[in-house]
Amino acid sequence: MTASGLIQVALFVAVLLVLAKPLGRYMAQVFEGRTPAWARVLSPLERLLYRLCGVRADEEMSWKAYAVAMLVFNAAGAIAVYALQRLQGMLPLNPQHLGAVAQDSALNTAISFVTNTNWQGYGGESTMSYLTQMAALTVQNFVSAATGFALLLPLIRAFARHSTERLGSFWVDLTRGTVYVLLPLSVILSLVLVSQGVVQTLAPYREVTPLDQSTAKTQTLALGPVASQVAIKQLGTNGGGFFNVNSAHPFENATPLSNFLEVLAILLIPAALCHTLGFMVGDTRQGWMLLGVMTAVFLAFMLGCWSAEQSDNPRLKALGVDQTEREAPSTARSAAAIAVQSGGNMEGKETRFGIIGSVIWATATTAASNGSVNSMHDSYTPLGGLVPMVLMKLGEIIFGGVGTGLSGMLVFVLVTVFIAGLMVGRTPEYLGKKIEAFEMKMSTLVVLIPPVLVLVCTAIAVATAAGRSSTANPGPHGFSEILYAFASMSNNNGSAFAGLNANTPFYNLLGAFAMFAARYWLAIPTLAIAGSLAAKKTVPAGAGTLPTHTPLFAGLLISVILLVAALTFLPTLALGPIAEFLQWTH
């Protein structure tokens with residue numbers, strides 16, 4: 001680990017934590033209907049949307065009505081995205097005259113973007129027209145992230161309110177999240193990215209003459225409205241790239257500054273939502289505790305990944321081949337040169353970002369349910385690739401997706417206080433609400449559904465010829481490619497080990513099911529928990545109440561999260577990256 005790398009890590013974390021509190025307070029004001037004066041310039045747009053849709057801003061919903069509204073809205077979005085893909089050959093803003101997307105791929109992509117997964121089995125620049133990229137994918141980047149807000153807010157209100165079934169309005173939460181949070185932040189980030197060289201144009205692809213004409217006389221440069229999609233894909237923890245190589249492409253991520261801002265945008269809103277929770281429930285210590293847990297786990301995994309990627313490759317070492325050499329004091333260089341790997345594992349990484357810039361991104365994108373990449377995770381060392389895989393298997397709660405990450409973390413908090421209550425023989429409480437049998441049944445569903453999806457889908461894939469045929473490598477690494485894919489889809493992440501050919505009917509259809517179930521089979525129990533808690537009375541804290549803002553509770557929470565993941569996934573990890581590491585070193 002280098003001093004410059006440690007400085008980058010420290011700067012990234014410091015900027016993230018500094019920005020999280022003011023943004024968290026601002027979002028709390030927005031969702032409580034106390035929009036700051038400087039943001040009220042957007043109020044006419046909010047009122048116009050209510051008028052067009054026939055929504056009354058003061059009409060709140062029960063958890064069941066809230067869930068129905070969410071499902072109806074998302075179903076309409078999936079139909080629209082599917083239709084635009086299938087009809088794009090007949091629609092405008094298609095300068096490359098791209099035809100209709102195949103049925104299975106279009107279905108997979110529709111489910112993927114509506115669920116905020118943004119898994120992509122296709123090459124964006126060779127498959128999607130400008131209209132599809134903007135009207136289908138970019139629009140869903142906004143509203144799927146805003147749906148994440150909407151899934152979290154009823155749970156927060158359930159702790160802040162008592163003896164009620166009213167949890168807010170899905171339509172109001174969706175609109176305010178889009179208009180006051182996602183839209184202004186995206187405009188600002190888009191303009192900054194354009195200044196760094198990220199393209200934003202409706203002009204057709206351009207033919208240019210390459211400097212090296214030994215293989216081709218001309219080269220096609222793919223262009224498009226990129227900056228506007230990149231900004232919301234990061235801020236909304238979406239991750240779907242305009243180009244096939246995502247944020248490794250210089251037209252999506254041009255400079256070290258754009259790289260820093262884009263990876264900061266991935267974690268910004270999930271981190272700030274911890275403070276939003278603290279402000280809305282009237283106890284900011286709870287928000288600090290949750291943010292501390294997320295940051296501690298994130299840093300531990302990031303440093304582990306960095307160490308793995310910076311280490312020697314034993315296979316190269318055995319061959320005497322290396323990226324760099326350090327000379328011993330001798331005149332005979334061939335005899336005295338000592339092979340070292342000070343450059344680390346640079347395979348699959350952009351030299352303009354280096355190892356630390358790639359590792360920060362890889363851990364941030366898999367911790368935050370984002371899924372965008374600026375390096376190829378398939379080329380990481382076995383233990384380096386294990387880190388993003390495990391971060392997804394934790395349930396995408398270490399920051400996690402916009403809204404959904406914190407709601408998942410709160411479910412783990414409920415499980416933790418229940419376990420603590422069993423230890424001391426008291427009915428567990430959290431933020432003044434007793435945690436009883438119904439909440440634990442629903443929490444169990446939220447905790448167990450993603451692992452079941454990962455394990456069952458992976459088992460189906462490795463047991464069938466259609467699943468195995470898509471892997472690019474044999475043995476443990478091929479298994480890791482499949483395992484990573486379903487860990488990504490079943491946790492609504494979207495990143496991939498690039499060696500897997502996922503654009504087949506088998507992976508498109510099974511993956512669509514996994515993404516759908518991971519989003520909505522978790523959303524319903526979470527909303528049910530909110531409805532149950534909101535109906536309860538608030539219990540005053542007493543001498544026996546477990547403090548949930550202390551380092552002790554934070555440590556217990558981390559232990560529960562890691563223990564659940566270890567018990568669930570250690571066997572599959574042993575068959576994949578751990579087995580590959582043992583082969584690699586022996």
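Let me confirm something: among GLY224, GLY236, which residue is of a type outside the set (Lys, Arg) and at positive phi? Answer to the selection: GLY224.
If we scan the stretch 288-311, do we find a residue that is outside any helix (DSSP H, G or I) and either without any contact (Cβ under 8 Å) to a residue 40 or more places away in the chain or closer than 23 Å to MET346 by Cβ (or both)?
Quick first cut of the stretch 288-311, residues outside any helix (DSSP H, G or I) only: 311.
Keeping just the survivors that are either without any contact (Cβ under 8 Å) to a residue 40 or more places away in the chain or closer than 23 Å to MET346 by Cβ (or both) gives 311.
Yes, the stretch 288-311 contains at least one residue that is outside any helix (DSSP H, G or I) and either without any contact (Cβ under 8 Å) to a residue 40 or more places away in the chain or closer than 23 Å to MET346 by Cβ (or both).
Is it the case that the stretch 367-374 has a residue that's touching a residue at least 12 places away in the same chain (Cβ under 8 Å) and touching a Leu at 6+ places or on another chain (Cβ under 6 Å)?
The first filter runs over the stretch 367-374 and keeps only residues touching a residue at least 12 places away in the same chain (Cβ under 8 Å), leaving 367-374.
With the extra rule that they be touching a Leu at 6+ places or on another chain (Cβ under 6 Å), the set shrinks to 367-368.
Among the residues of the stretch 367-374, at least one is touching a residue at least 12 places away in the same chain (Cβ under 8 Å) and touching a Leu at 6+ places or on another chain (Cβ under 6 Å), which makes the answer yes.
Looking at the stretch 254-264, which of its residues are within 25 Å of SER126 (Cβ to Cβ) and modelled with pLDDT of 95 or more? Of everything in the stretch 254-264, those that are within 25 Å of SER126 (Cβ to Cβ) and modelled with pLDDT of 95 or more turn out to be SER258, ASN259, GLU262.
Residue count for the stretch 198-223 under the criterion of being farther than 18 Å from ASN94 by Cβ, touching a residue at least 12 places away in the same chain (Cβ under 8 Å) and of a type in the set (A, V, I, L, M): the result is 2.
Every residue, every condition in (1) crowded, with 23+ Cβ neighbours inside 10 Å; (2) more than 18 Å from the chain's Cα centre (by Cα); (3) among the charged types (D, E, K, R); (4) farther than 23 Å from GLN29 by Cα, yes or no:
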{"site": "ALA136", "(1), (2), (3), (4)": "yes, yes, no, yes"}
{"site": "PHE142", "(1), (2), (3), (4)": "no, no, no, no"}
{"site": "ALA146", "(1), (2), (3), (4)": "yes, no, no, no"}
{"site": "ARG157", "(1), (2), (3), (4)": "no, yes, yes, no"}
{"site": "ALA160", "(1), (2), (3), (4)": "no, yes, no, no"}
{"site": "PHE170", "(1), (2), (3), (4)": "yes, yes, no, no"}
{"site": "GLU207", "(1), (2), (3), (4)": "no, yes, yes, yes"}
{"site": "SER214", "(1), (2), (3), (4)": "no, yes, no, yes"}
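How about the stretch 444-473: which of its residues are farther than 30 Å from LEU406 by Cβ, of a type outside the set (Gly, Ala, Ser) and surrounded by 21 or more Cβ atoms within 10 Å (Cβ to Cβ)?
Result: THR471, single match.
Taking only the stretch 418-438 into account, find how many residues are more than 18 Å from LEU290 (Cβ to Cβ) and of a type outside the set (Phe, Trp, Tyr).
Start the filter on the stretch 418-438 by keeping residues that are more than 18 Å from LEU290 (Cβ to Cβ), which leaves 421-427, 434, 436-438.
From the residues that got through so far, the ones that are of a type outside the set (Phe, Trp, Tyr) too are 421-427, 434, 436-437.
The total comes to 10.
Within the stretch 91-126, restricting attention to residues that are modelled with pLDDT under 95 and part of a helix (DSSP H, G or I), the residue that is nearest to PHE486 (Cα to Cα) is GLY124.
Going by the structure shown, is VAL187 farther than 22 Å from THR404 by Cβ and either without any contact (Cβ under 8 Å) to a residue 12 or more places away in the chain or part of a helix (DSSP H, G or I) (or both)?
Values: farther than 22 Å from THR404 by Cβ: yes; either without any contact (Cβ under 8 Å) to a residue 12 or more places away in the chain or part of a helix (DSSP H, G or I) (or both): yes.
Criteria met by VAL187.
Might you let me know whether the stretch 357-380 holds any residue that is surrounded by fewer than 21 Cβ atoms within 10 Å (Cβ to Cβ) and either modelled with pLDDT of 95 or more or of a type in the set (Lys, Arg) (or both)? No, that holds for no residue. Here LEU533, LEU509, LEU570, LEU557 are screened, and the one residue that is surrounded by fewer than 18 Cβ atoms within 10 Å (Cβ to Cβ) and either closer than 30 Å to LEU319 by Cα or at pLDDT 95 or above (or both) is LEU509.
Filtering the stretch 220-253 to residues that are under 23 Å from LYS349 (Cβ atoms), modelled with pLDDT under 95 and in contact with a strand residue (DSSP E or B) (Cβ under 7 Å, 6 or more places away or on another chain) leaves LEU221, ALA248. Within the stretch 244-254, none of the residues are over 22 Å from GLN8 (Cβ atoms) and among the hydroxyl-bearing types (Ser, Thr, Tyr). Please specify each residue of the stretch 280-310 satisfying the condition of being surrounded by fewer than 20 Cβ atoms within 10 Å (Cβ to Cβ) and over 30 Å from ALA541 (Cβ atoms). Across the stretch 280-310, the qualifying residues are LEU299, ALA300, LEU303, GLY304, SER307.
The values are calculated or read from the model by the stated rules, or taken from the named source; none is laboratory data. This is a predicted model, so every value here is computed, not measured. Counting neighbours? That spans all protein chains shown, and the Cβs are built from the backbone with ideal geometry, glycine included.
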